[in-house]
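Read through the structure below, which is laid out as structure tokens, and then see the notes.
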Amino acid sequence: MITVYVPRDAAALSVGADDVAAAIASQAKAAKKDIRIVRNGSRGMLFLEPLVEVDTPNGRVAYGPVAAGDVADLFSAGFLDGKAHKLGHGLTEKIPYFAKQERLTFARCGITDPLSIEDYRTHGGFDGLTKALSMKGSEIVEEVTTSGLRGRGGAGFPTGIKWKTVHDIKGEQKYIACNADEGDSGTFADRMLMEGDPFCLIEGMTIAAVAVGATKGYIYIRSEYPHAVKVMREAIEIARQTHWLGDDIQGSGKAFELYVRMGAGAYICGEETSMLESIEGKRGIVRFKPPIPAIEGLFGKPTIINNVMSLAAVPIILAKGGAFYRDYGVGRSRGTLAFQIAGNIKQGGLVEKAFGVTTRELIEDWGGGTATGRPVRAVQIGGPLGAYLPPAKFDVPMDYEEFAKADAMVGHGGLVVFDDTVDMAKQARFAMEFCAIESCGKCTPCRIGSMRGVEVIDKIIANDNRDMNLTLLEDLCVTMTDGSLCAMGGLTPMPVMSAVRNFPEDFHKQTANKFIADAAE
Amino acid sequence: MRNISGVDGDSQGSGIMGKKTPRRPLDIIDQQPAASSPAEIAALATCARHGNKPDELLEILHELQEHVGYVPEATLPVIAKALNISRAEVHGVVTFYHDFRREPAGRHVIKICRAEACQSMGTEHLCQHAEQTLGTKLGGTSADGAYTIEAVYCLGNCALSPAILIGDRLFGKVDPIRFDSIVAGLNKEAAE
Ligand SMILES: Cc1cc2nc3c(=O)[nH]c(=O)nc-3n(C[C@H](O)[C@H](O)[C@H](O)COP(=O)(O)O)c2cc1C
Ligand code: SF4
Ligand code: FES
């Protein structure tokens, strides 16, 4: 029997993976070929989706992007024996895009059947938790501290320190809350992991629970991710039945229950305290800190809040040791980050690499330039609150501190590429508009400031008192930065001011010329 | 009558929520009929399925909307009573989150991503096209009641932009031509 892999990842489905799987099944039946179709996660080469793989004695051979209409042709070319075809790429693991990565967190994603515990075990799954179950809580925390892991949700706070706070505090009920709100444009790593290797997140959360003595956990997944919600719920049920969750995990006497909560379309609920409110069934209004959630978090109890990527890095840290993980990376940015190359890009996808890789390498070597074939003009890194960088800054290494020095942020590792048709004044306007739409409304500089921001930028675009309004915009940004409770209002000035500083020409266009330019398009 | 469904509102066992019990300013709801319309009955049943736990309010609203198509005004007092929270709290949640609709929507809700990655691939143009072909602005419903179009901000499909989501079906690389063929496909499904 031949095994054929057709991803079930939402991105693959979005370009027809289900149709391709159905076509392969019916073609095999007609040709009386005995095949088994596995719906795996994505390998992350999203530009090749749907990427079909066939298991051969030499390894898995890749074909993509496959449309349902290509299937008959693939069968006649002998793709079930890994034969050549114009959509063929040879052995998947030899494709440079894939081969040049350093896959730690995503080591299994795309390889296994996401809902098979056997596959998970065969590929090193639960090794970390098994080890953790034999360790003291403080030793687990120590291992995570040693790894140098920092929060992948955006702020880069050391995970070990957060865990230690929750570990050291006395409390009958503690919680683990996983932030899977992934609202940043240009990011999909959390989604891919949840759909492609859900047990990895469950394992990471369980290790966290064992480390600090928490017995309940919540995964807060945005409603825009229906596939991830479904896979996570199924995976939790399977883990429960196989005693990797529940009241006696693998006979250790340790208990951990896990629940999925679905968001309801509010970007601000990615902010950790807003997320807590939302899990409690309330409006997602940001809380004042202190108290920090590690001390008074979910339902007022000590809570670890971590991003999906932070928690999914933990199993390998426990399995191979903190030092193993720490040996990847540069400066104080240790380990790997799952970069997501998105937007106007020829070869978009997920690239897991150690810190230190540059924007240029990611968008040129991996990305292959823009999808439109025009020159790259700007890249927004770190989501809607991240800076717009011009090509002159593409050589800054991916490193939390280096990026901060360049008035930018790594954030959740998303890169959104724009070609030379982008109007940066419009992008700056959108940053303000987005803040106005998504503000939780608690503080005035964010709620009202963002609306004023849109108006001021409209005036700048219309060449109405331009110089005065540019000064006004700058003042407004200072007010928002200084007077906002959280990074929603506090960081919206980052994309705005980076656009003004790095692309001043777009804010000084002559209105008359702009009309001519528009008319010429 | 403290709790129509008979399940104790304190049974969620979370301390902080428990403290909320006295906060019931809208005693007037007690005089209203328990549940009369199908939507109100559905609301009551949904709350009961969630053990009438106030922390499951978002889940309850999602399920209710899935079932009824939107969150009718008349269900708010019913939910408030079942969960033992104030009507203002339920109202606050329904209005805070973009997902919850207070009016019926079209048979299909098409969510078009308007965030940055999709902008870089022309989602603005796609939005205009959708508005023109369906004859309604973003946020509105086509005259025949078939389609509601809404703006969303990122569907996690940013390497295959522009992206749209229809129910649980995600589509990538959606240009105006593909948009038309997707809509034609939905029309065909409806006709069958
Ligand atoms: C407006 C806003 C949105 C955020 N969105 C997310 C998000 O979608 N996912 C996430 O993990 N963190 C998000 N964060 C960061 C969280 O507040 C928090 O720092 C993070 O979840 C902590 O986990 P980590 O230490 O593992 O990164 C957001 C922060 C702000 C201010
Ligand atoms: S900055 Fe904006 S989103 Fe953050 S607390 Fe203030 S109003 Fe809410
Ligand atoms: S920005 Fe449109 S799918 Fe992410």
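Ordered by packing density, taken as the mean number of other Cβ atoms within 10 Å over each peptide's residues, highest first, how do A:20-32, A:299-311, A:450-462 rank?
A:299-311, A:450-462, A:20-32
Each residue of segment B:177-192 in turn: what ³J(HN,Hα) in whole Hz from Karplus with 6.51, -1.76, 1.60 and θ = phi - 60°, glycine and Pro shown as x?
Once rounded to whole Hz, the list reads 5, 5, 4, 4, 6, 5, 5, 4, x, 5, 4, 5, 4, 5, 6, 6.
At a temperature of 37 °C and a viscosity of 0.692 mPa s, determine how fast segment B:36-104 diffuses translationally according to Stokes-Einstein, using the Kirkwood radius over alpha-carbon pairs as Rh; express D in µm²/s, rounded to the nearest whole number.
287
Note the full-extension length gain between A:L115 and A:T421 as 0.36 nm times their separation in residues minus their Cα-Cα distance, in nm to one decimal.
Computed gain between A:L115 and A:T421 is 105.8 nm.
Using a 10 Å cut-off around each Cβ of peptide B:159-171, what is the average number of partner chain Cβ atoms that fall inside?
Counting Cβ atoms of other protein chains within 10 Å of each residue's Cβ and averaging gives 6.
Place a label point 7 angstrom from the Cα of A:K33 along the Cα-to-Cβ direction, then list the residues of segment A:74-99 whose backbone nitrogen is under 18 Å away.
A:74-92
For A:M409, A:M424, give the ranking by accessible area with the largest first, probe 1.4 Å.
Listed by decreasing accessible area, they come as A:M409, A:M424.
Compute the convex hull volume of the Cα atoms of segment B:64-192, divide it by the residue count, and report the result per residue in Å³ as a whole number.
Hull volume over Cα atoms, normalised by residue count, gives 116 Å³.
How many nm separate the modelled label positions at A:K230 and A:K405, each set 7 Å beyond the Cα in the direction of the Cβ?
Each label point is offset 7 Å from its Cα along the Cβ direction, giving 4.8 nm.
Interface size between chain B and chain A, please: total buried accessible area, 1.4 Å probe, rounded to the nearest 100 Å².
What B and A bury together is about 3900 Å².
Tell me, what % of the accessible area of the protein assembly as shown is carbon and sulfur with a 1.4 angstrom probe?
On the protein assembly as shown, the fraction of accessible area on carbon and sulfur atoms equals 53 percent.
What does the convex hull of the Cα atoms come to per residue for the protein assembly as shown, in Å³?
Cα convex hull per residue, to the nearest whole number: 169 Å³.
Post the alpha-carbon centroid distance, segment A:62-103 to segment A:479-507, in whole angstrom.
Centre-to-centre distance over Cα atoms comes out at 44 Å.
Measuring from label point to label point, each 7 Å out along Cα→Cβ, what is the A:I161 to A:K94 span in nm?
Label at A:I161, label at A:K94, 4.7 nm between them.
What is the spin-label model distance, in nm, from A:E364 to A:A392 if the labels are put 7 Å beyond Cα along the C-beta direction?
1.7
Among A:347-357, A:320-330, A:254-264, how do they line up from the highest to the lowest mean number of other beta-carbon atoms within 10 Å?
So the peptides A:347-357, A:320-330, A:254-264, ranked by packing, come out A:347-357, A:254-264, A:320-330.
Determine, from the Cβ-Cβ distance of A:E172 and A:H123 and an R0 of 30 Å, the FRET efficiency 1/(1 + (r/R0)^6), rounded to the nearest 0.05.
0.25
Calculate the mean, over all residues of peptide B:83-89, of how many other protein chain Cβ atoms lie within 10 angstrom of the residue's Cβ.
Taking all residues of B:83-89 together, the mean is 1.
Other chains near A:218-225: what is the mean number of their Cβ atoms within 10 Å of each residue's Cβ?
4
Just name one of B:N84, A:G44, A:L129: the one whose Cα is farthest towards the positive end of the charge dipole of the protein assembly as shown (beta-carbon charges, Lys/Arg +1, Asp/Glu -1).
Going by the Cα projections, it comes out as A:L129.
Would you please classify the overall shape of segment A:2-99 from the alpha carbon gyration tensor, given that a ≥ b ≥ c denote the square roots of the eigenvalues, rounded means a/c under 1.5, and beyond that prolate means a/b larger than b/c while oblate covers the rest?
Because a/c hits 1.5 or more and a/b fails to exceed b/c, segment A:2-99 counts as oblate.
Over what distance in Å are the Cα centres of segment B:173-188 and segment A:186-243 separated?
33
Project the alpha carbons of segment A:222-270 onto their principal axes and report the range along each, largest first, in whole Å.
40, 19, 9 Å, listed from the longest principal axis down.
A:D9's amide H: which non-local residues (gap 5+, or another chain) put their own amide H closer than 5 Å, with H modeled 1.01 Å from N in plane and none for Pro or chain starts?
So A:D9 has HN proximity to A:S42.
Of A:L258, A:S274, A:N306, whose Cα points farthest to the positive end of the dipole of segment A:256-347 (charges on the beta-carbon: +1 Lys, Arg; -1 Asp, Glu; origin at the Cα centre)?
A:N306
Just the accessible area per residue of the protein assembly as shown, please: how many Å² with a 1.4 Å probe?
On a per-residue basis, the protein assembly as shown sits at 38 Å².
Report, largest value first, the span of the C-alpha coordinates of segment A:179-323 along each principal axis, in whole Å.
If we take the Cα atoms of segment A:179-323, the spans are 41, 33, 32 Å.
Please pull out the direction-averaged projected area of segment A:329-419, using the convex hull of its alpha-carbon atoms, in nm² to one decimal place.
For segment A:329-419, averaging the hull's shadow over all directions gives 4.8 nm².
Test of understanding: what is the full-extension gain from A:E455 to A:A25, defined as 0.36 nm times their sequence separation minus their Cα-Cα distance?
Length gained, A:E455 through A:A25: 149.2 nm.
Could you work out [θ]222 nm for the protein assembly as shown from helices alone, using -39500 (n - 2.57) per DSSP H run of at least four and dividing by all its residues? Round to the nearest 500 deg cm²/dmol.
Rounded to the nearest 500, the figure is -12000 deg cm²/dmol.
Ignoring everything but the protein chains, give the 1.4 Å probe accessible area of B:H91 in square angstrom, nearest 10.
Using a 1.4 Å probe on the heavy atoms, I get roughly 80 Å².
Output the peptides A:385-395, B:172-182 sorted from most to least packed, where packing is the average of other Cβ atoms within 10 Å over each peptide's residues.
In descending order of packing, they fall as A:385-395, B:172-182.
Stretched out fully, how many nm does the piece from A:R326 to A:M1 gain, at 0.36 nm a residue minus the Cα gap?
112.8 nm
Let's test this: bin the Cα-Cα distances of segment A:424-512 at 10 Å from zero up to the farthest pair and state each bin's percent.
Going out from 0 Å in 10 Å bins, segment A:424-512 shows 20, 55, 22, 3, 0 percent.
The values are calculated or read from the model by the stated rules, or taken from the named source; none is laboratory data. Just so we're clear, the structure is a prediction, and the values are computed from it rather than from any experiment. Here the Cβ is made from the backbone with ideal geometry for all residues, glycine too, and neighbour counts use every protein chain on show. The accessibility values were calculated without ligands, DNA or RNA, using every heavy atom of the protein model including side chains. Shrake-Rupley method; radii C 1.70, N 1.55, O 1.52, S 1.80 Å.
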